[in-house]
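**Student:** Take a look at this one; I'll ask things after.
Just so it is clear, none of the values below were taken in a lab; they were calculated from the coordinates. Since the model is a prediction, treat every value here as computed from it, not as a measurement. No Cβ is skipped: glycine too gets one built from the backbone with ideal geometry, and neighbour counts run over all protein chains shown.
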Amino acid sequence: MTTKAKPIIKDKFWIVERDGNKVGTISVDDERFMFSDKNGVKYFDNKKQLEKKLGKTVFERNDDVEAEVEQIVHGYPTSATPYNAMFNVKQGLPLFTKSAKSSSLYCAGYYIIRFDKGWVKSFCPKLITLERYNFKGPFKDSVTMRQELANAEK
C-alpha cells in the first residue's frame, strides 16, 4: 500500500491518496499539521510525527505532481485544473470553469452554505448554489472554514 500526499497549495495543503484513492487531507497552519480522514481529525506538532503515522514516503516529490500544484484561482485553491479564471467583483468570488468550453461556473476556495437543514461545508461549489443559498466564504483553507462553521452553528 502506497500512501502519497499530493500537494494542492505548496507547503500548505495536500490530498492524501492510498493506491490512487483519496483517503484524506493534510493542512498546515503555524507549523502544526492537521490530518483529516473518515475517522476524524488528528493534529501533529511536526512533519516527523505525521510521517510516523502515514509513512516516511508520504511527502516524496513526484515530477508528475509538480505540474498539478498550480490549481489556484485568485489565491484560492480549486478542486480541478481551472480554466477561464475570473473574479466576480460584486460578490467577491473567484470563479473558474473545469474545462475550456464549459459554461458551468465554480467558485474557488472553501465555503459554508446554509441549506434548509443547517450549515454545510463545501469546497469549490457551483456559483448557482451560492446564488440560491446564504453562504460565508471564500476561505483559503479548510481550518478557517471549519472555525467559521463552528461559529455559524452556535
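**Student:** Sort Glu31, Glu51 by Cβ crowding within 10 Å, fewest neighbours at the top. Walk me through the numbers before you get to the answer.
**Tutor:** Values: Glu31 8, Glu51 16.
Listed from fewest to most nearby Cβ atoms, that is Glu31, Glu51.
**Student:** Within the set Lys52/Lys136; Lys42/Lys140; Lys42/Lys154; Lys47/Lys121; Lys53/Lys117; Lys12/Lys154, which residue pairs have Cα atoms separated by over 31 Å?
**Tutor:** Numbers: Lys52/Lys136 36 Å; Lys42/Lys140 20 Å; Lys42/Lys154 23 Å; Lys47/Lys121 26 Å; Lys53/Lys117 36 Å; Lys12/Lys154 28 Å.
Flagged as over cut-off: Lys52/Lys136; Lys53/Lys117.
**Student:** Which shape class, rounded, prolate or oblate, goes with the stretch 113-154 when its Cα gyration tensor gives a ≥ b ≥ c as root eigenvalues, a/c under 1.5 marks rounded, and past that a/b bigger than b/c marks prolate?
**Tutor:** Since a/c reaches 1.5 but b/c is at least a/b, the shape of the stretch 113-154 is classed as oblate.
**Student:** Taking 0.36 nm per residue of separation and subtracting the Cα-Cα distance, what length does fully extending Val120 through Lys52 add?
**Tutor:** So the chain would gain 21.3 nm between Val120 and Lys52.
**Student:** Still on this structure, I have one more. Let me know the shape class of the chain, please: from the alpha-carbon gyration tensor, a ≥ b ≥ c as square roots of the eigenvalues, rounded when a/c is under 1.5, otherwise prolate if a/b is greater than b/c, or oblate.
**Tutor:** oblate
**Student:** Averaging sequence separations of C-alpha pairs under 8 Å and six or more residues apart, then dividing by the length of the stretch 79-154, give the relative contact order as a whole percent.
**Tutor:** Reported as a whole number, the value is 24 percent.
**Student:** Right, here's the next one. GNM on the chain, C-alpha springs below 10 Å: top fluctuator among Ser142, Ser79, Ser99?
**Tutor:** Ser99
**Student:** Ignoring everything except DSSP H segments at least 4 long, calculate the 222 nm mean residue ellipticity for the chain; use -39,500 (n - 2.57) per segment, divide by total residues, nearest 500.
**Tutor:** After summing the helix terms and dividing by the residues of the chain, the value is -5000 deg cm²/dmol.
**Student:** Which of Ala5, Val16, Phe115 sits closest to the plus end of the dipole of the chain, meaning its Cα is farthest towards the positive end, when Lys and Arg get +1 and Asp and Glu get -1 on the C-beta?
**Tutor:** The listed residue farthest towards the positive side: Phe115.
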